[in-house]
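Inspection log for the structure reproduced underneath, given as structure tokens.
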Amino acid sequence: MNDYGYPSQYGPESEPNQQQARFGGGQQPGFLPPTYSGGQQGLLQFSGGQQGFPPFGGGQQGSPPFGGGQQQGDAPSTPPPSYTPQESVSAFAVDPGAIRGCLYRFTFVWLNSGNSFWFYPTFVGRDSVAGYRWRNFRWVYYGTDLRRIRSFRCS
């Protein structure tokens, strides 16, 4: 009988043990599953004594899982230029190829909402851009959808 009261499809001698059924045929030799360290939320204790986020999606052990929060490149070490460039209005949507030419350069951005600011892009995706935005006299990591950008100008 299985857990639901139905007859088991396995005979008593061929029925896998609970440990094998739960872990898909048994664990690899020497593998110990990670345990929660109890300290910082989300951190795991690995069998090798290392502590950090699990190494899936984010790349390296110790980085946030699934790549969330992973920043591409460093913030500039200097403030942006002290002037505001003249906006050149475009009738076309901002495409990734156009703004890709501004990677790692001071870029002034005008959003559809009317907000404008200095930006230092470090990543351009198909639909979004991310980098550092100048806010309150410091660089803050920021990302936005390309559809929200009205225009931009690299310096």
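For S128, the residues whose amide H sits under 5 Å from its own are L146, ignoring neighbours fewer than 5 places away on the same chain, with H placed 1.01 Å from N. Once you have all Cα-Cα distances for the stretch 90-155, histogram them in 10 Å bins from zero and send the whole-percent values. The calculated distribution, bin by bin, is 23, 63, 14, 0. 3J(HN,Hα) along the stretch 129-137: 9, 9, x, 10, 9, 7, 8, 6, 6 Hz, from the Karplus curve 6.51 cos²θ - 1.76 cosθ + 1.60 with θ = phi - 60°, whole Hz, x for Gly and Pro. Okay, which of the stretch 141-155 sit inside 17 Å, backbone N to the point 7 Å along the Cα-Cβ direction of F123? The answer is 141-147. Let me have the relative contact order for the stretch 90-155, percent, based on Cα pairs under 8 Å that are six or more residues apart. Relative contact order of the stretch 90-155: 37 percent. Compared with the direct C-alpha span, the chain from T144 to S77 gains 21.9 nm at full extension, assuming 0.36 nm per residue.
Every number here is computed from the coordinates shown, using simple stated rules; none is lab data. The structure displayed is predicted, hence computed values, not measured ones. For neighbour counting, all protein chains shown are included, and Cβ atoms are generated from backbone atoms with ideal geometry for every residue, glycine included.
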